[in-house]
Amino acid sequence: MLIMASSPTVLIRLVASAYSIAQKAGMIVRSVMAGGDLGIVEKDLPVQEVDQELIEDGQWEEILKKPCPSQYSAIKEEDLVVWVDPLDGTKEYTEGLLDNVTVLIGIAYEGKAIAGVINQPYYNYQAGADAVLGRTIWGVLGLGAFGFQLNEVPDGKHIITTTRSHSSKLVNDCISAMNPDNVLRVGGAGNKIIQLIEGKASAYVFASPGCKKWDTCAPEVILQAVGGKLTDIHGNALQYHKEVKHMNSAGVLATLRNHDYYASRVPETVKKALVP
């Protein structure tokens with residue numbers, strides 16, 4: 001059930017803000033690259049004064065017009081947890097693999113990912129000078145996912161997408177057990193989920209503790225909103241409440257369809273090595 005309200009709910013307003021913020025972040029990502037000096041930033045630097053030009057306080061009007069799913073209509077600000085990755089696919093960004101890069105903003109309620117925004121700053125960057133650069137995908141559970149064309153890998157094909165820069169024997173053993181027709185090694189969790197929803201891959205397999213909650217929160221929403229599923233390697237749902245540990249220590253398994261098939265092929269040795 002969807003609730004039509006005279007004024008947008010807290011959740012819808014937050015998603016509309018996240019959309020505008022993700023778009024601004026994508027512009028900043030492009031401008032930094034165009035400046036030619038990426039520099040090195042330590043993640044534990046103290047918060048400093050922010051240039052006013054970098055602040056985004058707008059809300060995406062098209063989202064504000066959307067109805068809120070009834071189960072989320074009474075949510076208050078303090079009930080929500082927001083997980084942000086301002087530059088997913090950092091290594092690929094520095095190496096010029098720009099289609100791997102995303103900006104991720106995920107929103108969780110009662111430990112569950114319920115809304116998310118993915119901006120691809122360089123979507124279409126190889127399509128020529130006249131192409132529109134960048135796009136923003138967004139979704140809310142119970143409302144849907146928007147900003148892309150849903151496609152699926154043909155039935156019977158097993159195409160695995162996995163890490164490009166964090167591979168290991170554990171990762172490779174898990175992939176081999178799934179008997180894939182093809183393996184795509186790319187950067188960025190957001191990018192891998194986009195491969196699933198656009199029919200380039202049938203499963204995202206990462207049998208390693210290297211992925212964080214801010215990598216998976218927004219992508220999980222987009223995937224789940226179109227009927228997909230994201231769990232750890234054991235098949236357990238991920239938790240996103242504010243006290244949860246940041247590391248997805250039991251890995252990631254994501255599919256658009258046939259989740260049980262891929263989960264059933266995870267070797268016991270891999271499961272024992274990755275403790276939830």
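The values are calculated or read from the model by the stated rules, or taken from the named source; none is laboratory data. Bear in mind that the values here come from a model prediction, so they are computed numbers and not experimental data. Reconstructed Cβ throughout: ideal geometry from the backbone, glycine too, with neighbour counts over all protein chains shown. Remember, those area values only see protein heavy atoms, side chains included, never the ligands or the DNA or RNA. Shrake-Rupley method; radii C 1.70, N 1.55, O 1.52, S 1.80 Å.
For every residue, the table says whether it meets (1) more than 17 Å from Thr90 (Cβ to Cβ); (2) in contact with a helix residue (DSSP H, G or I) (Cβ under 8 Å, 6 or more places away or on another chain); (3) aromatic (Phe, Trp, Tyr); (4) modelled with pLDDT of 95 or more.
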| site | (1), (2), (3), (4) |
| --- | --- |
| Ser202 | yes, yes, no, yes |
| Ala207 | yes, yes, no, no |
| Gly210 | no, no, no, no |
| Trp214 | no, no, yes, yes |
| Gly227 | yes, no, no, yes |
| Thr231 | yes, yes, no, yes |
| Ala237 | yes, no, no, yes |
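With the requirement that a residue be under 27 Å from Met178 (Cβ atoms) and crowded, with 19+ Cβ neighbours inside 10 Å, what does segment 140-157 give you? Working first, answer last.
From segment 140-157, those under 27 Å from Met178 (Cβ atoms) are 145, 148-157; that's our starting set.
Scanning segment 140-157 gives Ala145, Phe148, Val153.
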Segment 163-212 - residue that is farther than 19 Å from Gly227 by Cβ and hydroxyl-bearing (Ser, Thr, Tyr) and, of those, most open to solvent (accessible area, probe 1.4 Å):
Ser176
Could you tell me whether Ala16 is among the hydrophobic types (A, V, I, L, M, F, W, C), modelled with pLDDT of 95 or more, assigned to a helix (DSSP H, G or I) and closer than 30 Å to Ser167 by Cβ?
no
Close pairs from segment 220-234: first hydrophobic (A, V, I, L, M, F, W, C), partner open to solvent by 30 Å² or more (accessible area, probe 1.4 Å), Cβ under 8 Å, at least 6 apart
Leu223/Lys229; Ala225/Leu143; Val226/Leu150; Leu230/Gln224; Ile233/Lys271
Check every one of the helices (runs of 4 or more DSSP H) wholly within segment 185-276 and list those with 2 or more residues that are of a type in the set (Val, Ile, Thr) and more than 22 Å from Ala145 (Cα to Cα).
268-273
Just give me the residues in segment 94-140 being out of contact with any helix residue (DSSP H, G or I) (no Cβ under 9 Å at 6 or more places or on another chain) and among the acidic types (Asp, Glu), in sequence order.
Glu95, Asp130
Among what's in segment 123-142 and is aliphatic (A, V, I, L, M) and in a strand (DSSP E or B), pick the residue that is nearest to the chain's Cα centre (by Cα).
Ile137
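Just wondering, is there one or more residues in segment 163-183 that are within 17 Å of Asp99 (Cα to Cα) and outside any loop (DSSP other than H, G, I, E, B)? Can you show your working first?
Just the residues of segment 163-183 that are within 17 Å of Asp99 (Cα to Cα), to begin with: 163-165.
Still in the list and also outside any loop (DSSP other than H, G, I, E, B): 163.
Looking through segment 163-183, at least one residue is within 17 Å of Asp99 (Cα to Cα) and outside any loop (DSSP other than H, G, I, E, B).
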So, Thr94, is that one buried (at least 18 other Cβ atoms within 10 Å of the Cβ) and in contact (Cβ under 8 Å) with a residue 12 or more places away in the chain or not?
no
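Within segment 108-121, how many residues turn out to be surrounded by fewer than 22 Cβ atoms within 10 Å (Cβ to Cβ) and of a type outside the set (D, E, K, R)?
Narrowing segment 108-121 to residues surrounded by fewer than 22 Cβ atoms within 10 Å (Cβ to Cβ): 109-112.
From what is left, the residues that are of a type outside the set (D, E, K, R) are 109, 111.
Matching residues across segment 108-121 total 2.
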For Leu104, indicate whether it is open to solvent by 80 Å² or more (accessible area, probe 1.4 Å) and aliphatic (A, V, I, L, M).
no
